[in-house]
Structure formats: C-alpha cells, structure tokens
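Report on the following structure.
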Amino acid sequence: MNVLHGLPIPALAALLFAAAFALGVAIQHGTTCAVRAMSDLLREHRADGLLGFLECGLWALLVAWLLTPEMAVPQWEPVGWLCFGAALFGAGATMNGGCAFGSIARLGEGRLEFLLTGAGAYLSFRILDALGQGRATFPEKSPVPENAVLIVAVGLPLLIALRFLLWRRPIGIVMQLSILMAVIGIIGAFVGTLHQPWPWMLALRYIGTSDWLTGLGLVGLVSGSIATGVVRGRFRLARPKLGAVFDRFVGGMLMGAGSALVPGGNDSLILQGIPSGSPLAFLAYGILLTTIGVLLLTVPRFNVH
C-alpha cells in the first residue's frame, strides 16, 4: 500500500504544492536540460550531465521502493510510434531551446516566451486527441523491481565514479551535480507518488479533464522556479524576438506530439520509464538524445547553450 494513501485532501494539496514548488527550486538551481547536456557532450566532450540524469532516475526508483509497492509507468505505444514520438520530442526540444526540465528553468529566468512551449504542447495534445492518436490514459501501475535497492546501491557509486573519471574535476564539484540530481529525482518521484498525472508535461495533457490538484502541481512547479530566479537575481523580463516566439511555440507543438506518442517526454522517461527498467524507455530516451545531437550538429543556430 502507498504510505501516503488516505491523506485528507487539504493536507494532500498542501504537500503537493510544497513538493512541486521545491522541484521548481531544484530545477532552477542546476543544469537539468537534455539539450544543454547534449551540447556539452558535443562541444566540450562532457558526459556528466547525461550521466547525472541516470542518477536522477535511480533516486526516483528508490523513492518508489520506499513509498509504494507499485510505480507509475507510461503505457507504451507500439515500437514504431514510440520511436517516431521520441524523435519528434527530441526535435521539438532542440528547436525550443530546452527540454521539459529546461523549459521550466528558463521560465524562472524571466523568459516568459517559454509559456508558449506549454501552449504549443497543449494544442498538439488536443489535435491528437481529436484524431484518436497517442495514449490518452494515465500511467499504469507496475511493481517496483524486486532488486531496486541493489540497483541503486551499485548504480549510484558507479555513475559518480564514472563522472569523476570522465569530467576530471574536484570531487566536490562532481558531488554538487549528484546532490542536485538526487533532489530532483527524490522530489519529482515524490510528487508523482502524491498525485497522478505527473510529470508536468503529462499533467498538462489532462488539464481540464483531471481534478484541480493537477493544476495546483503545475502552479507550484512554475512558482518555485520563478521565485528562485527572483531571489537569485536571474529573473529578467525582456521582449523576445519573433524568431524565439516561433521556436518556442512550434518546438512546444513537436514536444507535445512526441510526448503523446511515446507517451512521455524526457521528464517522464527519467522519473518513471527508466526507473521501471523498461527497455522501451531506454530506447525512447536514446532516440530522443540522438535526435537532439544530430540537430545540434547540423543546424548551428540551435546550438546556443
């Protein structure tokens, strides 16, 4: 049984908002964007960001093991649609200039044009629903892997050691990223345990059809990122160029379409798919990252991180 089962609605709402707010704070504090991580790999030959996402997934797995015998896992589309959706999401994230995590971080810096990312994604959701394409069901409950603790106990030290060897930076700097990934993985999984649909792109799809707690989680997430940007002096409003507005909206549409067809964006794959051990999650994430890498190499204007 979920240890949080039976919470009164007011307590659940308060806990959900606080956790989503904290997740927004954590996202604003670090380099949690898949597009930026791929840019670092291609330009500086640094894989620490990509390896850090795997750490994030392991922490999410540990939270699922601690709190509930079952974890939320997307109901995967057939392989062809899944691969096509992952490529669409990767292309959209590259054009957008940020993945699901990165878009929230940019909002916290005052880049309000990233609201159009969500608007574009929402439009894609509604179009695909009208066409009868893409999964329109909540993630299904899947048993937490029996060897979850062993996977975490072995995987985390190996990933940290690998990042230390590849990055060749002081261990304190290496551990800063590990701590950030731990916070995002723990809080992100905790929010999903409190309430589904989650993460945020999946939640956005059900706005208007799910309960009010879904919207509350989204408000908390964005509020946390913006509040942190203001406190850190990084929140600066500026009028975006027309090209940026176009990229955010069209990129958001591609991300939304891809998220519906996988289903799940990179946030769902990291916090739900990869922790479940599903081969399809690893396949989708690999295609997503490959698409980002190819576009960063072939379309120079996208490689601005």
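Any residue that is at pLDDT below 95, part of a helix (DSSP H, G or I) and acidic (Asp, Glu) - is there at least one of those in the stretch 241-250?
no
Residues that are in contact with a Leu (Cβ under 8 Å, 6 or more places away or on another chain), among the β-branched types (Val, Ile, Thr), over 30 Å from residue 46 (Cα atoms) and in a helix (DSSP H, G or I): does the stretch 193-215 have at least one?
Within the stretch 193-215, one or more residues are in contact with a Leu (Cβ under 8 Å, 6 or more places away or on another chain), among the β-branched types (Val, Ile, Thr), over 30 Å from residue 46 (Cα atoms) and in a helix (DSSP H, G or I).
Just to check your reading of the model, which residue among 255, 175 is over 19 Å from residue 141 (Cα atoms), out of contact with any His (no Cβ under 8 Å at 6 or more places or on another chain) and at pLDDT below 95?
Just one listed residue meets the conditions, 175.
Which residue pairs have Cβ atoms closer than 7 Å, lie 6 or more positions apart in sequence or on different chains, and pair a first residue in the stretch 25-39 that is touching a residue at least 24 places away in the same chain (Cβ under 8 Å) and more than 14 Å from residue 270 (Cβ to Cβ) with a second residue that is surrounded by 20 or more Cβ atoms within 10 Å (Cβ to Cβ) and of a type in the set (Lys, Arg)?
Hits for this filter: zero, empty list.
Can you tell me which of 85, 108 is more than 30 Å from residue 148 (Cβ to Cβ), in contact with a helix residue (DSSP H, G or I) (Cβ under 6 Å, 6 or more places away or on another chain) and small (Gly, Ala, Ser)?
Going through 85, 108 in turn, the sole match is 108.
Does the stretch 150-166 contain at least one residue that is in a loop (DSSP other than H, G, I, E, B) and out of contact with any Cys (no Cβ under 6 Å at 6 or more places or on another chain)?
No, the stretch 150-166 has no match at all.
From the list 50, 41, 7, 15, which one is surrounded by fewer than 20 Cβ atoms within 10 Å (Cβ to Cβ), under 16 Å from residue 189 (Cβ atoms) and not basic (Lys, Arg)?
15
crowded, with 17+ Cβ neighbours inside 10 Å and charged (D, E, K, R), is that true of residue 248?
So residue 248 passes the test.
Taking residue 223 as the residue in question, decide whether it is within 19 Å of the chain's Cα centre (by Cα), assigned to a helix (DSSP H, G or I), buried (at least 24 other Cβ atoms within 10 Å of the Cβ) and among the hydroxyl-bearing types (Ser, Thr, Tyr).
no
So which residues in the stretch 190-214 are among the small types (Gly, Ala, Ser), touching a residue at least 12 places away in the same chain (Cβ under 8 Å) and either surrounded by fewer than 22 Cβ atoms within 10 Å (Cβ to Cβ) or out of contact with any Ser or Thr (no Cβ under 8 Å at 6 or more places or on another chain) (or both)?
192, 210 - these are the residues of the stretch 190-214 that are among the small types (Gly, Ala, Ser), touching a residue at least 12 places away in the same chain (Cβ under 8 Å) and either surrounded by fewer than 22 Cβ atoms within 10 Å (Cβ to Cβ) or out of contact with any Ser or Thr (no Cβ under 8 Å at 6 or more places or on another chain) (or both).
Failed condition for residue 105, given (1) over 16 Å from the mean Cα position of the chain (by Cα); (2) touching a residue at least 60 places away in the same chain (Cβ under 8 Å); (3) under 30 Å from residue 208 (Cβ atoms), with all others met?
For residue 105, the exception is condition (1).
Which residue, of 183, 144, is touching a Ser or Thr at 6+ places or on another chain (Cβ under 9 Å), touching a residue at least 24 places away in the same chain (Cβ under 8 Å) and of a type in the set (Val, Ile, Thr)?
Testing whether each residue is touching a Ser or Thr at 6+ places or on another chain (Cβ under 9 Å), touching a residue at least 24 places away in the same chain (Cβ under 8 Å) and of a type in the set (Val, Ile, Thr) leaves just 144.
Going by the conditions given, is residue 128 in contact with a Leu (Cβ under 8 Å, 6 or more places away or on another chain), aliphatic (A, V, I, L, M) and either surrounded by fewer than 20 Cβ atoms within 10 Å (Cβ to Cβ) or in contact (Cβ under 8 Å) with a residue 24 or more places away in the chain (or both)?
Judged against the criteria, residue 128 is a match.
Going by the structure shown, is residue 110 assigned to a loop (DSSP other than H, G, I, E, B) and buried (at least 22 other Cβ atoms within 10 Å of the Cβ)?
no
The values are calculated or read from the model by the stated rules, or taken from the named source; none is laboratory data. Just so you know, these numbers come straight off a predicted model, no measurement behind them. Because the Cβ atoms are built from the backbone with ideal geometry, glycine has one as well, and the counts that use them run over all protein chains shown.
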